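Participant: Before we start, here is the structure in question, set down as structure tokens.
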Amino acid sequence: MTFFAHSLDGQDIWAWERLEDHLIAVSQTAGRYAADFEAGPVAEIAGWLHDLGKVKPAFQAKLRGVQNNVSHSGEGARYARENFGLIGKLIAFCIAGHHSGLPNGIDRSAGNPATPLAERLNQAETVDLPPDVTLPLPTMPGPLAESSAKALFEIQFFTRMLFSALVDADFIETERFYSPAAPRGARTDLDTLRVALTRHLEKFDRPETAVNRMRAEVLEAAGQAAYQSPGLFTLTVPTGGGKTLTSLRFALDHALAHGLQRVIYVAPFTAIIEQTAEVFRDALDDLDAVLEHHSSFDVEDAFVDETQAERLKLAAQNWDRPVVVTTAVQFFESLFANRTQKCRKLHNIARTVVVLDEAQALPVNYLRPCLAALKELVRGYGCSVVLCTATQPAIRDDDGLRADEAIPAKATREIIPDPPELYRRLKRVEARFSGPLGNNDLASQVAGRKALVIVNNKRQARAIYDLLGRGNALHLSTNMTAAHRRDVLANICDGFDGPVISTALVEAGVDLDFPEVWRAVAGLDSIVQAAGRCNREGKQVQLGKVHVFEPEEGFPPPPELQQNAQIARDILRAHADDPLAPEAVRAYFRRLYWDRDADLDSRGIMRRIKGTGNRLDFPFADIAHDFRLIEEVTRPLIIGAGPYGIDDAARRMLEHGKYPGSIARAMQRYTVSVSPRVRDELVRASAAHVVRRDEFEDQFVVLDNARLYDDAAGFSAENPEDLGVMIA
């Protein structure tokens, strides 16, 4: 009897895909993917078994049009568990979840009502292999052979990687059957990209300044360090020292020297990602080689060529490009995810150079699982990890970090020969703690001067801007749409000579240069980033001035950063001579992590992984549910009118678009983030309306009252009398 894997509507049955053909194809492709982490034979077995349940008569009838709810993933999982011991259980996790996601081992929690693996196996039928198929006994790779408590993190990590190889192979081979002409395209090789980068660097005709000489030395040091063996690296370069291109040069040279397959650049903020992706595309002279992957990137907006746009959309599914630029949220949440769409890419992280930019922004509440994942990528998956920042966090064991996941100092190499000396030579500013400073006094201090003022919340930024007066200053905050902020930044770069009042959004990924910077007290890492916007090019005769001040009452840092600010106050006083020096930054991070010791794994991720014991009943679904670097505390509000409101094309997409994800991406440039309370009040007062509620609930809300969005300072609902349908 012939069994089928996939049917084709309206096509003769002999045009359908035979099950044996599909299993062979998925087995071979999964094995090839997993070979990057020495698990090819295990992945091949998973590929052979993943659709074994499709031999059931009820499923074959389903392909022929008979309506039923028969599943097919449990049978292969049951076969693996019953025949291959503990590694069979890992294979069973992957097969049981290859459509719905990796399940919990035994428990069904309130947040994740999906069926646990134990129940799925009990519900599955017993199905035998075809008589002509014999599968070898799989073995656990290398040091994972013993399921000891010490190896539990490594074993669950391996299961995710195996799952990734299986589900991506299944997607790819199914796509090959249904859409053989899908334009995935060939990847540019790293040699070609390195040649392009060399040409790009040779084009620089920089003035002979001390800063540019230092940048050239940093770039050269990166090229020399690239030939060291793979592992953990630090790249400690002061802000403005040329980290972006330096990290790219090191990564490409290192990958080529050691046969690694791609570069993954990870940063905490979208602004950094967008700017870095643009720099990389320009430097590598290849739009198709650089995949920019984050929630607000719309590939159709970035590329006119439809085929090229489609190739990059497909590449985003599994990161099949030589250079990937992505967010820390996307990167780390994927490493602890359980859903197929998020996990497909994981196997393509093996044997890569991972550049973790602004490494000081590693999420403190998830620091232990994040460090464990980075160490495991180096230990078991052939990766090199580069911690790239001006302010290295105190995450090594010699920093006193009290956690098993601390980075071993003896295994970490600095790319730049002498970071403290580089800091001294690149010193362009002096910072002082000025004490309390009210909004009125601050406004009078900066009025009529070219100065950057950075505060901790949007209300204070707007208050100071209003004191200075429209036309006398510029304003930047996330109360402005992305398009609006781009226009303001362009105005600054075109030579605006007055004060700029901003929130912290300018502290990373934005190349601004001011003779003086005023920074409301915050974490010391934020203060260092702010200082990087002062005398950035070192052109001033004297050092630039960075004034750190205590904001007036009523404008504190966000609650989650108040402890950071308090520690920074202590460091600013203790290191008054130079609070930005490396020793001051190290003292800050040591205090931060020591004081937060109990919160370095606030959701108990490591405890739950290590609590499974030799049963290997990993709670994959629960961990994915709880590993969220950004908690949803705001909601999007679409600006409906004015120069920064939605245009006709966006309005048509909003009214007629089929998929909510595509609509959301199209709205990004016209959206601000507000609290759920404010958004609900706007709707109740008829100042905004919900679009297509029956289809998308309250996902899309459009602001109708144009008076609530100022074309200089953005959205504000501070004046209650403006809520409503009054038309300006």
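The values are calculated or read from the model by the stated rules, or taken from the named source; none is laboratory data. Here the structure is a predicted model, which means the values were calculated and not measured. Neighbour counts run over all protein chains shown; Cβ positions are idealised from the backbone, glycine included. The accessibility values were calculated without ligands, DNA or RNA, using every heavy atom of the protein model including side chains. Shrake-Rupley method; radii C 1.70, N 1.55, O 1.52, S 1.80 Å.
Participant: Under 28 Å from Gly495 (Cβ atoms), among the small types (Gly, Ala, Ser) and either in a loop (DSSP other than H, G, I, E, B) or open to solvent by less than 50 Å² (accessible area, probe 1.4 Å) (or both): does that describe Gly554?
Facilitator: no
Participant: Check Gly611 against each of (1) within 30 Å of Thr159 (Cα to Cα); (2) of a type outside the set (S, T, N, Q); (3) surrounded by 21 or more Cβ atoms within 10 Å (Cβ to Cβ) and name the one condition it does not meet.
Facilitator: Every condition holds for Gly611 apart from (3).
Participant: Right, here's the next one. Keeping to segment 54-70, report how many residues are touching a Phe, Trp or Tyr at 6+ places or on another chain (Cβ under 8 Å) and either among the hydrophobic types (A, V, I, L, M, F, W, C) or open to solvent by 40 Å² or more (accessible area, probe 1.4 Å) (or both).
Facilitator: 3
Participant: Another question, if that's okay. When you scan segment 15-36, how many residues do you find that are of a type in the set (D, E, K, R), open to solvent by less than 60 Å² (accessible area, probe 1.4 Å) and either outside any strand (DSSP E or B) or touching a Pro at 6+ places or on another chain (Cβ under 9 Å) (or both)?
Facilitator: 1
Participant: Now for a separate question. Of a type outside the set (S, T, N, Q), open to solvent by 40 Å² or more (accessible area, probe 1.4 Å) and either touching an Asp or Glu at 6+ places or on another chain (Cβ under 6 Å) or assigned to a loop (DSSP other than H, G, I, E, B) (or both) - does that describe any residue in segment 649-659?
Facilitator: Scanning segment 649-659 turns up at least one residue that is of a type outside the set (S, T, N, Q), open to solvent by 40 Å² or more (accessible area, probe 1.4 Å) and either touching an Asp or Glu at 6+ places or on another chain (Cβ under 6 Å) or assigned to a loop (DSSP other than H, G, I, E, B) (or both).
Participant: So Phe280 clears everything in (1) touching a residue at least 60 places away in the same chain (Cβ under 8 Å); (2) in contact with a strand residue (DSSP E or B) (Cβ under 8 Å, 6 or more places away or on another chain) except one condition, right? Which one?
Facilitator: (1)
Participant: Something else about it: Within segment 54-80, how many residues turn out to be part of a helix (DSSP H, G or I) and touching a residue at least 12 places away in the same chain (Cβ under 8 Å)?
Facilitator: Total satisfying the criteria: 14.
Participant: Let me ask something else about it. Among the residues of segment 191-201, is any buried (at least 22 other Cβ atoms within 10 Å of the Cβ) and over 25 Å from Gly538 (Cα atoms)?
Facilitator: Yes, there is a match, as at least one residue in segment 191-201 is buried (at least 22 other Cβ atoms within 10 Å of the Cβ) and over 25 Å from Gly538 (Cα atoms).
Participant: Sort through Val678, Val672 and tell me the only one that's out of contact with any strand residue (DSSP E or B) (no Cβ under 7 Å at 6 or more places or on another chain), of a type in the set (A, V, I, L, M) and within 16 Å of Leu708 (Cβ to Cβ).
Facilitator: From the options Val678, Val672, the qualifying one is Val678.
Participant: May I pose another question? Can you tell me how many residues within segment 38-53 are in contact (Cβ under 8 Å) with a residue 24 or more places away in the chain, open to solvent by 10 Å² or more (accessible area, probe 1.4 Å) and part of a helix (DSSP H, G or I)?
Facilitator: Here the count works out to 2.
Participant: Against the definition (surrounded by fewer than 20 Cβ atoms within 10 Å (Cβ to Cβ), modelled with pLDDT under 95 and not in a loop (DSSP other than H, G, I, E, B)), how does Glu119 come out, yes or no?
Facilitator: Yes, satisfied.
Participant: Tell me yes or no: at least one residue of segment 341-352 is open to solvent by 20 Å² or more (accessible area, probe 1.4 Å), under 17 Å from the mean Cα position of the chain (by Cα) and closer than 16 Å to Thr239 by Cα.
Facilitator: No, the conditions are met nowhere in segment 341-352.
Participant: I'd like the residue in segment 461-483 that is within 26 Å of the chain's Cα centre (by Cα), in contact (Cβ under 8 Å) with a residue 40 or more places away in the chain and closer than 27 Å to Val279 by Cβ and, out of all such residues, is most open to solvent (accessible area, probe 1.4 Å).
Facilitator: Thr478
Participant: Still on this structure, please answer the following. Only residues that are open to solvent by 20 Å² or more (accessible area, probe 1.4 Å) and within 15 Å of His200 (Cβ to Cβ): list them for segment 248-261, please.
Facilitator: Hit for segment 248-261 is Arg249, nothing else.
Participant: Here's a follow-up. Can you find a residue that is assigned to a strand (DSSP E or B) and open to solvent by less than 20 Å² (accessible area, probe 1.4 Å) anywhere in segment 365-384?
Facilitator: yes
Participant: Another question, if that's okay. Just give me the residues in segment 170-226 being in contact (Cβ under 8 Å) with a residue 60 or more places away in the chain and in a loop (DSSP other than H, G, I, E, B), in sequence order.
Facilitator: Ala182, Pro183, Arg184, Gly185, Arg187, Thr188, Asp189, Thr209
Participant: Filtering segment 484-541 down to residues that are open to solvent by 40 Å² or more (accessible area, probe 1.4 Å) and in contact with an Asp or Glu (Cβ under 9 Å, 6 or more places away or on another chain), which residue is modelled with the highest pLDDT?
Facilitator: The residue in question is Asp513.
Participant: Right, here's the next one. Exactly one of these conditions fails for Phe204: (1) under 12 Å from Ile415 (Cβ atoms); (2) of a type in the set (Phe, Trp, Tyr); (3) open to solvent by 10 Å² or more (accessible area, probe 1.4 Å). Give me its number.
Facilitator: (1)
Participant: While we're looking at this one, here's another question. Which residues, counting only those in segment 672-690, are within 22 Å of Ser662 (Cβ to Cβ) and surrounded by fewer than 19 Cβ atoms within 10 Å (Cβ to Cβ)?
Facilitator: Ser673, His689, Val690
Participant: Right, Leu245: buried (at least 23 other Cβ atoms within 10 Å of the Cβ) and in contact (Cβ under 8 Å) with a residue 12 or more places away in the chain or not?
Facilitator: No.
Participant: Inspect segment 88-101 for any residue being part of a helix (DSSP H, G or I) and open to solvent by 40 Å² or more (accessible area, probe 1.4 Å) and give the result as yes or no.
Facilitator: No: segment 88-101 contains no residue that is part of a helix (DSSP H, G or I) and open to solvent by 40 Å² or more (accessible area, probe 1.4 Å).
Participant: Continuing with this model, one more query. Scan segment 262-277 and report the pairs whose first residue is open to solvent by 10 Å² or more (accessible area, probe 1.4 Å) and whose second residue is at pLDDT 90 or above and among the hydrophobic types (A, V, I, L, M, F, W, C), with Cβ atoms within less than 7 Å and a gap of 6+ or a chain change.
Facilitator: Hits for this filter: Pro268/Ala328.
Participant: Kindly indicate whether Leu580 is closer than 14 Å to Pro363 by Cβ and surrounded by 16 or more Cβ atoms within 10 Å (Cβ to Cβ).
Facilitator: The answer is no for Leu580.
Participant: Here is a follow-up. Of all residues in segment 329-340, which are open to solvent by less than 10 Å² (accessible area, probe 1.4 Å) and in a loop (DSSP other than H, G, I, E, B)?
Facilitator: Phe336, Ala337
Participant: Hey, among the residues in segment 409-451 that are within 34 Å of the chain's Cα centre (by Cα) and free of Cβ contacts under 8 Å to residues at least 24 places away in the same chain, which one's nearest to Gln224 (Cα to Cα)?
Facilitator: Asp418
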